[in-house]
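Data block below; observations after.
No value in this document is a laboratory result; all are computed from the given coordinates. Being a predicted model, the structure only gives us computed values, none of them experimental. Here the Cβ is made from the backbone with ideal geometry for all residues, glycine too, and neighbour counts use every protein chain on show.
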Amino acid sequence: MGSSAAIRKTYRVLFADEEISLASKQPYDAQSACKHVRVVFALVCSWVQRTNVVEFARDTEKNAMSNEKKDKMMQDGVSRRSVLGMGSAALAAAAFVGLSAHAQTREGTHQAERDHSSSNPGQEIKPLLDENPNSNTPPPTAQGDVGPIWYSYDLTHKRIQEGGWTHQVTQRELPYSTEIAGVNMRLTAGSFRELYWHTADEWSIMLHGNARVTVLNPDGTIFIDDVSKGDLWYFPAGFPHSIQGLGPDGCEFLMVFDQGLFSEDNTFLLSEWVAHTPPGVLSKNFGLAESALATLPTGSLYIFPADLPRSLAEDRAAVRGKKVQSPIEYTFKIEAMAPTKRTTGGEIRIVDSHNFLAAKNIAAALNI
């Protein structure tokens with residue numbers, strides 16, 4: 001089909017749009033139609049070219065619907081019979097009219113917010129609605145399919161064990177979060193999140209209390225450090241690590257992972273590895289008699305209570321001190337650093353791989 005024919009057909013689509021608008025007694029804005037022609041031109045032309053059944057009659061009287069049929073179509077909607085009786089171009093024109101007639105407008109939304117349109121005679125969770133007014137009564141700019149852009153940890157399942165709890169928000173709860181997942185965890189004083197590892201990088205900020213973290217490097221060196229409220233840590237994927245709550249009230253922290261579908265329930269646990277490894281292999285690896293391994297757990301521990309540890313210096317010395325000390329620092333004291341930028345309105349601290357060398361894939365900024 002030649003381009004000139006496609007252009008003539010497109011103009012007739014707009015002409016049909018005008019006829020239907022007049023038939024439905026809706027005001028028609030020719031200037032608006034001209035603005036829309038550029039947007040719909042490519043779509044209509046492409047559709048017309050791909051559809052062999054589309055024909056525009058050369059005779060206006062032969063191809064035009066009667067005013068009575070137009071009125072009925074606008075009043076009753078497009079039925080199967082009317083679709084069969086219409087040309088494809090007229091159907092496209094009717095669709096464009098419907099879009100403009102039923103589009104959400106700023107004036108309409110403001111009016112609906114103040115009259116009976118926004119009322120809800122059913123049950124409501126008022127505290128939740130009060131916290132999210134723009135979800136319950138969205139502004140006119142929030143049109144169409146607006147998916148969830150936040151999710152509360154307090155709405156997720158909480159895994160509680162003796163020694164603490166954890167819950168998470170991942171892509172399962174928040175579909176838009178395709179590349180990041182979060183875990184909120186609490187450990188009581190002395191309790192452990194046992195030694196574990198996973199396929200995602202882990203970034204964390206301390207929200208409350210104090211904790212001791214331990215990381216094992218592939219070269220056999222060990223990193224042990226204490227963290228407090230506001231401190232960060234970063235554990236690379238595949239590096240075994242553990243977290244222990246310290247006094248006086250343990251700790252709470254937020255962990256961030258660079259995988260949307262990460263799950264705390266699918267990490268590799270030391271206790272599970274031990275339970276699935278033959279005793280003979282464990283005996284040879286640790287240089288212990290098999291009888292000495294009889295008290296090892298036969299299932300996963302995940303979170304479990306324990307006594308408070310010795311001092312940081314004593315724990316470091318117990319693993320041979322500087323001989324096995326990690327050359328890489330996996331914790332960062334963000335509140336102790338100088339502000340990256342300070343203005344009259346406040347200050348910001350930026351932490352990335354320039355000043356926190358271990359953090360290769362996740363950065364953070366603290367606004368005060």
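Of Met337, Met206, how do they rank once you tally other Cβ atoms within 10 Å and put the fewest first? Before the final figure, lay out the partial values.
On the way: Met337 14, Met206 21.
Fewest-to-most ranking of Met337, Met206: Met337, Met206.
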**Q.** Length released on extending from Thr295 to Asp115, taking residue separation times 0.36 nm less the Cα-Cα span
**A.** 57.8 nm
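Past 27 Å, Cα to Cα, is the threshold; run Lys158/Lys341; Lys333/Lys360; Lys229/Lys360; Lys126/Lys158 against it and keep the listed order. Walk me through the intermediate numbers first.
Working: Lys158/Lys341 38 Å; Lys333/Lys360 17 Å; Lys229/Lys360 22 Å; Lys126/Lys158 23 Å.
Table pairs above 27 Å Cα-Cα are Lys158/Lys341.
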Q) Taking only the alpha-carbon positions of segment 326-368 and ignoring solvent, what does the Debye formula give for the base-10 log of I(q)/I(0) at q = 0.17 Å⁻¹? A) -0.48
(Q) If I model a spin label as a point 7 Å beyond the Cα along the Cα-Cβ vector, how far apart are those points for Gln325 and Ser228 in nm? (A) 2.1 nm
Q.
If I model segment 154-367 as equal point scatterers sitting on the Cα atoms and use the Debye formula, what is log10 I(q)/I(0) at q = 0.17 Å⁻¹?
A. -1.36
Q: Can you put Thr156, Thr166 in order of Cβ neighbours within 10 angstrom, beginning with the fewest?
A: Thr156, Thr166
Q. Which FRET efficiency value, to the nearest 0.05, is calculated for Tyr176 and Ser135 with the Förster distance at 25 angstrom and r the Cβ-Cβ distance?
A. 0.95
Q. So how do 279-285, 356-362 stack up, highest first, on mean other-Cβ count within 10 Å?
A. 356-362, 279-285
Q: Note the full-extension length gain between Met337 and Leu128 as 0.36 nm times their separation in residues minus their Cα-Cα distance, in nm to one decimal.
A: 71.5 nm
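Which of rounded, prolate, oblate describes segment 134-246, given a ≥ b ≥ c as roots of the alpha-carbon gyration tensor eigenvalues and a/c under 1.5 marking rounded, otherwise prolate only if a/b is larger than b/c?
It is prolate, given that a/c is not under 1.5 and a/b is the larger ratio.
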(Q) Using the Kirkwood radius over C-alpha pairs as Rh, can you work out the diffusion coefficient of segment 219-261 via Stokes-Einstein at 37 °C, viscosity 0.692 mPa s, in µm² per second? (A) 258 µm²/s
